[in-house]
Structures are given as C-alpha cells and as structure tokens.
Amino acid sequence: MGRIPVEERRRALIAAALRVVASRGLAGASTRAIVTEAGMSLASFHYAFESRDELIEQLIPEVIASEELAILPDPVAGSMVDLLTDGLMGYLDHLRTDPAHEQAMLELTQYALRERPELARRQYEQYARIARVGLELAARHTRQRWSEPIDTVAALLLSLTDGLTLGWLVTRDDETAERVVKAAARIVAGLARPVKRGEGAST
C-alpha cells in the first residue's frame, strides 16, 4: 500500500477487521485474515497496532461513533414522536446500509461478555449516553419532561433498538422494521409530559 500515515493505516485495519468479524466471526478474525482483507502486510499491522487485542478493542467505539452520527437528529425539528421516529429511522437506515457493522458488533458483544465484561459495560454505557443525549434534546425542543427517570427511558429505548437490530438482521424485513420504529417512537413519546412552570425539560 506504500507509505501511508499511521492513522490512515489504523482506519483501514479497523474497517477490514469489522468486515472479517462480520463474515467469519471473531474466531476467524486472525491478524493474518485482517491484513489480507486490508491488503496490507503483517509488518504494516504491527506498525499501527501492538496486537490483535488492541485492534479488537477499537472496533466497538468505532461502530458506536458511526451510530451516534446516524441517530442524533440535526437539525432538531418536529413533535416528540417526529424526533424519536427520525432518530430511530436514522439508526435503521444506518443498519440497512451497513449490516456488517452491526453483525460485527453482536460478535464483539458476545466476546466482551465472555472475556472482557468491562468492555461490554463500557459499550452499553456509551449507548445509554447517546440515548440520554437524544432524549434530553427532544425534551428541550418540545418543552416536555420525562415522567420516568431519564435513565429508565434510555434503557427502554436501548431495549427496543436491540430488538429492532436483531429482528431486521434475521428477517431483512424493511416494512416490518419501519412499523416497529413508528410504534417504538409512539411508545417512548407516551412517557413525555408537558413542562409545568418551574420544571426542567427532562427528568
């Protein structure tokens, strides 16, 4: 590949690793398989990462960052149901555009639960943070508050998203997935209440 900056090598290896994990599972994601997918040499790999484990740890934040861009609405406009629908539909579009990323994430989550529980916890802490940011943004925009603690609403949203992800990956049924998105948005929006004088816009 010639002489390219370290960060560019790292990005190429991360992208290749995600493709390999999605197609072969984590067990099949050897260093050699990853560099072959990336079109690099083993020497190039070790110039960018100290070990395969270091690379694997970078995969989860990489996928989460791309999901965050897809989910958070910009600009913010519409009712609570509109905002939640837009965010969930953005995630669904992201999933449909690159399902390999989410298949890889499922593999990585199972790996983390078995081998690195703290990595799995950090993964879901990041998911919860993204959900809270979106919910707080929606509440402020619509001048509403959450009738349940925002951590509870965020956990509900994550549970709905997990089900949406697995269901679509198994069935590839776009029509059903879009109906689920709209129903989920209505369910979560049902927990929002108008802000009364002196109250904040989120719980």
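The values are calculated or read from the model by the stated rules, or taken from the named source; none is laboratory data. Predicted, not measured: the structure shown is a model, and the values here were computed from it. No Cβ is skipped: glycine too gets one built from the backbone with ideal geometry, and neighbour counts run over all protein chains shown.
Evaluate the stretch 29-52: report whether one residue or more is free of Cβ contacts under 8 Å to residues at least 60 places away in the same chain, part of a helix (DSSP H, G or I), exposed (fewer than 14 other Cβ atoms within 10 Å of the Cβ) and basic (Lys, Arg). Checked the stretch 29-52: at least one residue is free of Cβ contacts under 8 Å to residues at least 60 places away in the same chain, part of a helix (DSSP H, G or I), exposed (fewer than 14 other Cβ atoms within 10 Å of the Cβ) and basic (Lys, Arg).
Taken over the stretch 1-15, the residue count meeting the criterion of being in a helix (DSSP H, G or I), farther than 20 Å from Thr109 by Cβ and in contact (Cβ under 8 Å) with a residue 12 or more places away in the chain is 5. Whether a residue is without any contact (Cβ under 8 Å) to a residue 24 or more places away in the chain, farther than 26 Å from Gln58 by Cβ and assigned to a helix (DSSP H, G or I) was assessed, and Ala183 passes this test. In the stretch 17-36, is there at least one residue being in the same structural domain as Thr176 (by TED's automatic domain parsing) and over 19 Å from the mean Cα position of the chain (by Cα)? There is no residue in the stretch 17-36 that is in the same structural domain as Thr176 (by TED's automatic domain parsing) and over 19 Å from the mean Cα position of the chain (by Cα).
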